[in-house]
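First up is the structure itself, then whatever we jot down about it.
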Amino acid sequence: MNGWLISLGLTLEAGGLAALFTDLPSLQALSAYLTAHALATLVFTLVCLPLLPASYRRKLVLAGLFLFTLQFAMPVIGSIGVFAGILLPLRLPRSEQHNPWQETHIPELPYRPMDMDDQLGFSDGGLREVLREASSSEKRLKALLASRQLTDQEAVDILKEALKDPSDDIRLLAYSMLEQKEKQLATRAQELKKLLDNPDHPDRHRVTRRLAHTWWEIAYLGLAQGGLKQYYLENARHLLIQLTGAKSFHNDWRLLGRIELALGHTEAANKAFEASLANGASPELIYPYLAEVAFLTRDFQSVRFHLANCSRFGPSAPVKELMEGWL
């Protein structure tokens, strides 16, 4: 069918061209040519339409009008141009395949160990080293911002180190981040105190415990100093004495012992740790604190005794270092 249509189109195109060279008047010859050329163009358009990709055939009328106009406007070479310049490239496969890989820039904080001179080390020690040694304020600023991914205890140590930085911007940012952490904990404490003000609260023991932990956390992280730290510790101690007097949970006794140690009450701390053991606390959690109490009271024999007991329970890395020095 397509062969017959192509032959018909070529015949019409040739007849139209022949009419231009006859003895007919110019207007008649031009009319004859345009009629034959229009018919030939229509035939070639009908041939081209089925060859178009499916996406082009969805709007068949517009596609046909475009092909007809293009071929009619360029006699003879129009049809050749359509076949060679439009249809042929559409039917051929793409010369470039889609690349499934996407290039990404190297992250500023590395995912593997790198040279400290070139990249920041994403760890407590690494960030601290950058703050101390890096000459670029931009690197020190990035190290400060990276501290947000650390634990609160590690982050606070980094922020305190940044308070000594020679750059005003870094010192101000470190101070702002420290203040924000303290404000978050203080706000949480105020909310818990409001709950305790309600005498009908269904779970006053749990709220009291959370409040004591919050006061302790502010002091333990070093967000408060001097008299304010003493105030937080005393508040936490008072709440824990209430809790241990009502119900003896070993975790409450253990925290009370740590607070007594922070306040310098070694005898009270020792009693609290002993009570924690008596109420079911894991010995590996309590023996290091008992060794600390013994050290503060200059009972070095007891220090060795408690550290030796730790060896039976798979001590943590810091305790192992202590054991290596004492045993």
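The values are calculated or read from the model by the stated rules, or taken from the named source; none is laboratory data. Owing to the predicted nature of the structure, the values given are computational and were not obtained by experimental measurement. Glycine also receives a Cβ, built like all others from the backbone with ideal geometry; neighbour counts cover every protein chain displayed. To get the accessible areas, we keep the full protein, side chains included, count just its heavy atoms, and leave off ligands, DNA and RNA. Shrake-Rupley method; radii C 1.70, N 1.55, O 1.52, S 1.80 Å.
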Sorting Tyr231, Tyr33 on solvent-accessible surface, 1.4 Å probe, most exposed first, gives Tyr231, Tyr33
Under a 1.4 Å probe, counting only protein heavy atoms, Glu321 has an accessible area in Å², nearest 10, of 130
Per residue, accessible area of region 201-327 with a 1.4 Å probe, heavy atoms of protein chains only, in Å², comes to 53
Of 241-248, 266-273, ordering from highest average Cβ density within 10 Å down gives 266-273, 241-248
Taking only protein heavy atoms and a 1.4 Å probe, the highest-to-lowest accessible-area order of Lys320, Lys164, Lys181, Lys229 is Lys164, Lys320, Lys229, Lys181
Sorted by accessible surface (1.4 Å probe, heavy atoms of the protein chains only), largest first, Lys193, Lys183 come out as Lys183, Lys193
Of 169-180, 254-265, ordering from highest average Cβ density within 10 Å down gives 254-265, 169-180
Long-range amide H partners of Met74, meaning residues 5 or more apart or on another chain whose placed amide H is closer than 5 Å, are none
Length-normalised contact order of region 277-327, Cα under 8 Å, at least 6 apart, in percent, tallies to 34
Note, region 199-213: 3J(HN,Hα) by Karplus (6.51, -1.76, 1.60, θ = phi - 60°), whole Hz, Gly/Pro = x, goes x, 9, 4, x, 9, 5, 5, 5, 5, 4, 5, 5, 5, 4, 5
Taking a crude spin-label model, label points 7 Å out from Cα along the C-beta direction, the Gln301 to Thr187 distance in nm is 5.5
extent check for region 275-327: Cα max minus min per principal axis, descending, whole Å, gives 29, 25, 14
